[in-house]
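Engineer: Below you will find the structure I want to go over with you.
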Amino acid sequence: WSSFFHPPALYLHEPATGRTQSLFQVEHDIDPAAYRLEQVKVASADGTPVNVYFMYRGELERDANRPVLLYGYGGFKISLLPAFNRSALYWLERGGVYAVANLRGGGELGEAWHRAGMLQHKIRVFEDFEAVIRWFAVSGISRPGRIAITGGSNGGLLVGAAITRAPQSFRAAAGYVGLYDMLRFHLFPPAELWISEFGDPRQPETARYLHAYSPYHQVRDGVAYPAVLIESALHDTRVFWGHSAKFAARLR
């Protein structure tokens, strides 16, 4: 068992007796009582409510000045459930707000939630994320100049789409091992396995909707983009490093 503020622990529970025994606890010096967790529902572009967890230390002044770091994924039926993250607590200790958005494409609400954010519906994932970004800017918690976003792999695609679709809504972005060229992702093994999630770029109709959000293709000259950090790995076995190199070069 673990949560945002509790490091992993292992328990043995005996249903017959109702007895619970602690077997193992990761050593830590964390006081969970120092932190606060809130949960809100944010309306996406089509009105669909999107669950958001956000956490902070102490009291939260609604003075539009808190730095916010927002994480998302939104794909492959991956569920972003409350889990311990020491890096997030470091951010809280420095006065930041850390947020996790349960976007369509994930598995938090079952297969229907996953299918609502795949193939031609992928655009809904980006709309969900953008709605959450804008909620932090109008909630009194923060403002565009104090908001950063992050995500990796499919979440890197999410970050890339936000950069090109809504560059004025946040100040900084960090994407790692992301997919950014959606018209050629299938050419680099084992990415052909992802066609069932994104669609086949070799099909004209699919290519049209992929091009409409493909971050590499949607970078525009003369646009003031936020500060961007692109990370990759030469030996990543899933996402070809060329995605990151091309996207960074295009932004520059």
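The values are calculated or read from the model by the stated rules, or taken from the named source; none is laboratory data. It should be emphasised that the depicted structure is a prediction, and the values quoted were computed from it without experimental measurement. No Cβ is skipped: glycine too gets one built from the backbone with ideal geometry, and neighbour counts run over all protein chains shown. The area values use the complete protein model at the heavy-atom level, side chains included, leaving out ligands, DNA and RNA. Shrake-Rupley method; radii C 1.70, N 1.55, O 1.52, S 1.80 Å.
Engineer: I'm told Leu69 meets every condition in (1) open to solvent by 30 Å² or more (accessible area, probe 1.4 Å); (2) assigned to a loop (DSSP other than H, G, I, E, B) except one. Can you identify the failing condition by its number?
Structural biologist: Checking Leu69 against (1) open to solvent by 30 Å² or more (accessible area, probe 1.4 Å); (2) assigned to a loop (DSSP other than H, G, I, E, B), the one that fails is (2).
Engineer: What are the residues in the stretch 228-252 that are of a type in the set (A, V, I, L, M) and surrounded by 13 or more Cβ atoms within 10 Å (Cβ to Cβ), if any?
Structural biologist: Val228, Leu229, Ile230, Val239, Ala245, Ala248, Leu251, listed by residue number.
Engineer: On to the next question. Identify the residue in the stretch 178-217 that is assigned to a loop (DSSP other than H, G, I, E, B), open to solvent by 50 Å² or more (accessible area, probe 1.4 Å) and modelled with pLDDT of 95 or more and, among all such residues, is nearest to Ala249 (Cα to Cα).
Structural biologist: Once the filter is applied, the top-ranked residue is Arg184.
Engineer: Take the residues in the stretch 218-252 that are of a type outside the set (D, E, K, R) and more than 19 Å from Ala174 (Cα to Cα), then tell me which one is modelled with the highest pLDDT.
Structural biologist: Per the criteria, the residue is Gly222.
Engineer: Within the stretch 38-71, which residues are over 16 Å from Gly140 (Cα atoms), touching a residue at least 40 places away in the same chain (Cβ under 8 Å) and over 18 Å from the mean Cα position of the chain (by Cα)?
Structural biologist: Asp46 - this is the single residue of the stretch 38-71 that is over 16 Å from Gly140 (Cα atoms), touching a residue at least 40 places away in the same chain (Cβ under 8 Å) and over 18 Å from the mean Cα position of the chain (by Cα).
Engineer: OK, next. Tell me which residues, restricted to the stretch 44-66, are under 16 Å from Gly105 (Cα atoms) and assigned to a strand (DSSP E or B).
Structural biologist: Pro49, Val50, Asn51, Val52
Engineer: If you check every pair at least six apart or on different chains, which have Cβ atoms under 7 Å apart with a residue in the stretch 153-172 that is in contact (Cβ under 8 Å) with a residue 12 or more places away in the chain first and a residue that is of a type in the set (Gly, Ala, Ser) and part of a helix (DSSP H, G or I) second?
Structural biologist: Hits for this filter: Ser169/Ala137; Arg171/Gly145.
Engineer: Could you list, in sequence order, all residues of the stretch 32-53 that are crowded, with 16+ Cβ neighbours inside 10 Å and out of contact with any helix residue (DSSP H, G or I) (no Cβ under 8 Å at 6 or more places or on another chain)?
Structural biologist: Once the filter is applied, which keeps residues that are crowded, with 16+ Cβ neighbours inside 10 Å and out of contact with any helix residue (DSSP H, G or I) (no Cβ under 8 Å at 6 or more places or on another chain), the stretch 32-53 yields Asn51, Tyr53.
Engineer: Inspect all residues belonging to the stretch 207-230 and state whether any of them is under 24 Å from Ala116 (Cα atoms) and without any contact (Cβ under 8 Å) to a residue 12 or more places away in the chain.
Structural biologist: yes
Engineer: List the residue pairs whose Cβ atoms are under 6 Å apart, where the first residue sits in the stretch 82-106 and is on the phi > 0 side of the Ramachandran plot, the second is crowded, with 20+ Cβ neighbours inside 10 Å and outside any loop (DSSP other than H, G, I, E, B), and the two are 6 or more positions apart or on different chains.
Structural biologist: Gly105/Val125
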